[in-house]
Amino acid sequence: MGSNSSRIGDLPKNEYLKKLSGTESVSENDPFWNQLLSFSFPAPTSSTELKLLEEATISVCRSLVENNPRTGNLGALIKVFLSRTKELKLSAECQNHIFIWQTHNALFIICCLLKVFICEMSEEELQLHFTYEEKSPGSYSKSCLR
């Protein structure tokens, strides 16, 4: 994902997904989001394709589970998406397909991440990902993803 077409097999090594799930906080105003959201990736149309996508992104999800309570990057991604949704009508009128495409991609990433989080975490653990609080590494449970 990010700046080019993406294939499922490339996702575990993708530099943009690594940054999203990494140890560095990314501000919602960072140009990184435009890069992350510039990908052509067909949404899964079958349970088999969905399973392949989930398997390919498990390392990214584990890293995000580990780092997000400190970085707040999932929250920043959601804020980026919400700010873009306010401009969708104007974008459609101006035929700004890139903006619409990137907003769609943001929602796709959010949906994929939340599906894994909701399936694999307790409600208490999930709340950590929406309540940004600076923490030191290893100061919370690592057992979120089995």
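With Glu54, Glu28, Glu66, Glu24 as the choices, which residue is touching a residue at least 40 places away in the same chain (Cβ under 8 Å), surrounded by 15 or more Cβ atoms within 10 Å (Cβ to Cβ) and not in a helix (DSSP H, G or I)?
Glu28
Restricting to the stretch 99-114, give me the number of residues that are within 12 Å of Phe39 (Cα to Cα) and β-branched (Val, Ile, Thr).
Residues flagged as within 12 Å of Phe39 (Cα to Cα) and β-branched (Val, Ile, Thr) within the stretch 99-114 amount to 2.
Condition (residue is touching a residue at least 40 places away in the same chain (Cβ under 8 Å), part of a loop (DSSP other than H, G, I, E, B), over 19 Å from Leu128 (Cβ atoms) and of a type in the set (A, V, I, L, M, F, W, C)) applied to the stretch 41-50: is it met by at least one residue?
Yes, the stretch 41-50 has at least one match.
If Ser91 meets every condition in (1) closer than 21 Å to Pro12 by Cα; (2) in contact with a helix residue (DSSP H, G or I) (Cβ under 7 Å, 6 or more places away or on another chain) apart from one, which number is that one?
So the condition that Ser91 fails would be (1).
Test Leu82 against the criterion of being over 23 Å from Glu125 (Cα atoms), at pLDDT 90 or above and among the hydrophobic types (A, V, I, L, M, F, W, C), and give yes or no.
Answer is yes for this residue.
Is it the case that some residue within the stretch 50-61 is under 23 Å from Lys18 (Cα atoms), touching a helix residue (DSSP H, G or I) at 6+ places or on another chain (Cβ under 8 Å) and of a type in the set (Gly, Ala, Ser)?
There is at least one residue in the stretch 50-61 that is under 23 Å from Lys18 (Cα atoms), touching a helix residue (DSSP H, G or I) at 6+ places or on another chain (Cβ under 8 Å) and of a type in the set (Gly, Ala, Ser).
Would it be correct to say that Phe108 is touching a residue at least 60 places away in the same chain (Cβ under 8 Å), among the aromatic types (Phe, Trp, Tyr) and in a helix (DSSP H, G or I)?
Details: touching a residue at least 60 places away in the same chain (Cβ under 8 Å): yes; among the aromatic types (Phe, Trp, Tyr): yes; in a helix (DSSP H, G or I): yes.
Yes, satisfied.
Quick one: would you say Asn14 is of a type in the set (S, T, N, Q), modelled with pLDDT of 90 or more and farther than 18 Å from Thr103 by Cβ?
In short, yes.
Looking at Asn34, is it without any contact (Cβ under 8 Å) to a residue 24 or more places away in the chain, out of contact with any Cys (no Cβ under 9 Å at 6 or more places or on another chain) and not hydrophobic (A, V, I, L, M, F, W, C)?
In short, no.
Have a look at Gly9, Gly2 and point out the one that is closer than 27 Å to Leu128 by Cα and at pLDDT below 90. First the steps, then the outcome.
Working: Gly9 fails: closer than 27 Å to Leu128 by Cα.
The match here is Gly2.
Quick check on the stretch 70-77. Is at least one of its residues at pLDDT 90 or above, surrounded by fewer than 17 Cβ atoms within 10 Å (Cβ to Cβ) and not acidic (Asp, Glu)?
Yes, there is a match, as at least one residue in the stretch 70-77 is at pLDDT 90 or above, surrounded by fewer than 17 Cβ atoms within 10 Å (Cβ to Cβ) and not acidic (Asp, Glu).
Within the group Cys61, Cys119, Cys111, which residue is exposed (fewer than 15 other Cβ atoms within 10 Å of the Cβ) and at pLDDT 90 or above?
Cys111
Look at the stretch 68-98 and say how many of its residues are among the hydroxyl-bearing types (Ser, Thr, Tyr) and within 16 Å of Phe32 (Cα to Cα).
Of the stretch 68-98, the ones among the hydroxyl-bearing types (Ser, Thr, Tyr) are 71, 83, 85, 91.
Keeping just the survivors that are within 16 Å of Phe32 (Cα to Cα) gives 71, 83.
Here the count works out to 2.
The values are calculated or read from the model by the stated rules, or taken from the named source; none is laboratory data. Not measured: the values here are computed from a predicted model. So basically every Cβ, Gly included, is an ideal-geometry build from the backbone, and we count neighbours across all protein chains shown.
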